[in-house]
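Student: Structure provided below as structure tokens; questions to follow.
The values are calculated or read from the model by the stated rules, or taken from the named source; none is laboratory data. The shown structure was predicted, so the numbers you read here are calculated from the model rather than taken from an experiment. Using ideal geometry, Cβ is built from the backbone for each residue, glycine included, and neighbour counts are taken over all protein chains shown. Please note that ligands, DNA and RNA were not included when accessible areas were found on the heavy atoms of the full protein model with its side chains. Shrake-Rupley method; radii C 1.70, N 1.55, O 1.52, S 1.80 Å.
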Amino acid sequence: MAKKENIYKRFPILDVEWVRSELMDAISGFELQDISIRSKKSFNCYYMNSEKEKIKVAIKANGIIIKKSGRSIAETIIIPDAFNLIKNTLEKRSKGIIVENIHKRYANSKRFEGQKVLVDLWSKRYAISYISLGAFLKLANIEKAKPQELFEQLALFTQHDHLQAISNLVTDFSTHMDYVNCNVNSKNIALNRFSDKTYVNNIELPYYHYLTDDIDKLDRIYDLYRGIISKKTISDIDDIHYGLISPEAFKAKDNLGITTKENNFVGEETINEEQLSYATGYLKTKYGYPGPISLDRDTLLAAIMYRNILDDDKIIEVIKQFNISYSEYMMLSEYEKEKLIKGLTSLKK
């Protein structure tokens, strides 16, 4: 305990909960290879995974820089202070690249008793074909260039937002908690302290209002928008299954046609086997979905919305026996539902 307190005292940025969470997410699946102590005020950690992808984490007293390089991805995450995160990612595909710039802003939230909570998330995503890219980069063979090399070449365009000029498709996404992000005279104006808004290309997506409030709500919104099923989003997936959240909230990026347009320009995304394995295990175990599962939206939604007839019969019995409405039953926690079903079984004995 004393050692941990000493580290936090020397590197106060590590004492911030969301920073530790982001750091753990970044190195998930990687093993520590080496630690290099630069001074009493900075040190570097080096990680590698089974695919030989590498991560360098540079930690200073009040900031962290995370750099990832792999066969298809180059990424830099900068945490300059306890309230901001900037993430720049370049993903290589068969016909081009995807560049995404994400900015997360945290604040001490009154809604969550002063905790540092993610209150704004902005994403700007660029799809650039190799043909479009070739007109701007001086590389002999762009298609064979490593992601890190392309990342460094594009750094100037990223900094000055010139990527838009060479992009085949640009997508803006943002989601906000505690206030609507209205920019008036360079200031954010709080219209409603309990207002949650999500936008894609300046069009509001209203169905995310109904997600359960928690400190990770905006991260969950962004994951649901992209169709990611994980430990973080399974409670929301359950709410979609039970009809408490519109299915439109799941993989809205696909439903809006953005993914198809991106794929047409740069090629399809490589299947994330870890995500597929988790989704398959959860959907088959939780809902008893009998069919094969892939990561396309239609298949995942079919599995999420699958209703076992035997389970429906149990719900009907519980509603009749305990004299509650269907909506009241659906508002119960999974533990409370299980308790009622067990009570039903006891009554039959």
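Student: Within region 62-96, can you find the residues that are touching a residue at least 40 places away in the same chain (Cβ under 8 Å), open to solvent by 30 Å² or more (accessible area, probe 1.4 Å) and either farther than 30 Å from Glu262 by Cα or among the small types (Gly, Ala, Ser) (or both)?
Tutor: The answer is Asn62, Ser69, Ser72, Asp81, Ser94.
Student: Ok, one more. So Leu310 clears everything in (1) surrounded by fewer than 15 Cβ atoms within 10 Å (Cβ to Cβ); (2) modelled with pLDDT of 80 or more; (3) not charged (D, E, K, R) except one condition, right? Which one?
Tutor: Going through (1) surrounded by fewer than 15 Cβ atoms within 10 Å (Cβ to Cβ); (2) modelled with pLDDT of 80 or more; (3) not charged (D, E, K, R) one by one, Leu310 breaks only (2).
Student: Search region 145-172 for residues being among the β-branched types (Val, Ile, Thr) and assigned to a helix (DSSP H, G or I), and hand back the single one that is modelled with the highest pLDDT.
Tutor: My answer is Ile166.
Student: I need a count of the residues in region 256-267 that are more than 16 Å from Glu100 (Cα to Cα) and under 21 Å from the mean Cα position of the chain (by Cα).
Tutor: Matching residues across region 256-267 total 3.
Student: Kindly indicate whether any position in region 179-189 is basic (Lys, Arg), modelled with pLDDT under 95, surrounded by fewer than 18 Cβ atoms within 10 Å (Cβ to Cβ) and within 22 Å of Lys110 (Cβ to Cβ).
Tutor: Yes - at least one qualifying residue is present in region 179-189.
Student: Can you tell me which of (1) under 30 Å from Ser129 (Cα atoms); (2) surrounded by fewer than 18 Cβ atoms within 10 Å (Cβ to Cβ) is the one Lys286 doesn't meet?
Tutor: The one condition Lys286 does not meet is (1).
Student: Okay, next question. Before we move on, is Ile55 surrounded by 17 or more Cβ atoms within 10 Å (Cβ to Cβ), among the aliphatic types (A, V, I, L, M) and over 20 Å from Arg105 (Cα atoms)?
Tutor: So Ile55 fits the description; yes.
Student: Follow-up. Might you check whether a residue that is part of a strand (DSSP E or B), open to solvent by 40 Å² or more (accessible area, probe 1.4 Å), hydroxyl-bearing (Ser, Thr, Tyr) and in contact with a strand residue (DSSP E or B) (Cβ under 7 Å, 6 or more places away or on another chain) occurs anywhere in region 111-129?
Tutor: No, because not a single residue in region 111-129 is part of a strand (DSSP E or B), open to solvent by 40 Å² or more (accessible area, probe 1.4 Å), hydroxyl-bearing (Ser, Thr, Tyr) and in contact with a strand residue (DSSP E or B) (Cβ under 7 Å, 6 or more places away or on another chain).
Student: Is it the case, given these coordinates, that Tyr242 is among the hydroxyl-bearing types (Ser, Thr, Tyr) and in contact (Cβ under 8 Å) with a residue 60 or more places away in the chain? Walk me through it before giving the result.
Tutor: Working: among the hydroxyl-bearing types (Ser, Thr, Tyr): yes; in contact (Cβ under 8 Å) with a residue 60 or more places away in the chain: yes.
Taking the combined requirement at face value, the residue satisfies it.
Student: Assuming Lys60 fulfils every condition listed in (1) touching a Gly at 6+ places or on another chain (Cβ under 9 Å); (2) at pLDDT below 95 apart from one, which condition is it?
Tutor: Unmet condition: (1).
Student: Let me ask something else. Can you list the helices (runs of 4 or more DSSP H) found entirely within region 211-298 that contain at least 1 residues being basic (Lys, Arg)?
Tutor: Ranges flagged: 217-226, 252-255, 258-266, 273-287.
Student: Among (1) at pLDDT below 85; (2) open to solvent by less than 20 Å² (accessible area, probe 1.4 Å); (3) in a strand (DSSP E or B), which single condition is Thr175 missing?
Tutor: Status for Thr175: all satisfied but (1).
Student: How many residues are under 14 Å from Arg226 (Cβ atoms) and open to solvent by less than 70 Å² (accessible area, probe 1.4 Å) when one looks only at region 245-262?
Tutor: Residues meeting the conditions: 9.
Student: Okay, next question. Among the residues of region 87-97, are any outside any loop (DSSP other than H, G, I, E, B), closer than 27 Å to Asn168 by Cα, modelled with pLDDT of 95 or more and of a type in the set (A, V, I, L, M, F, W, C)?
Tutor: The answer is yes, given that some residue of region 87-97 is outside any loop (DSSP other than H, G, I, E, B), closer than 27 Å to Asn168 by Cα, modelled with pLDDT of 95 or more and of a type in the set (A, V, I, L, M, F, W, C).
Student: Scan region 213-221 and give yes if some residue there is closer than 27 Å to Arg105 by Cβ, surrounded by fewer than 16 Cβ atoms within 10 Å (Cβ to Cβ) and in contact with a strand residue (DSSP E or B) (Cβ under 8 Å, 6 or more places away or on another chain), otherwise no.
Tutor: Yes.
Student: Considering (1) at pLDDT 95 or above; (2) surrounded by 20 or more Cβ atoms within 10 Å (Cβ to Cβ); (3) of a type outside the set (A, V, I, L, M, F, W, C), say which one Tyr106 fails and leave the rest.
Tutor: With respect to (1) at pLDDT 95 or above; (2) surrounded by 20 or more Cβ atoms within 10 Å (Cβ to Cβ); (3) of a type outside the set (A, V, I, L, M, F, W, C), Tyr106 is out only on (1).
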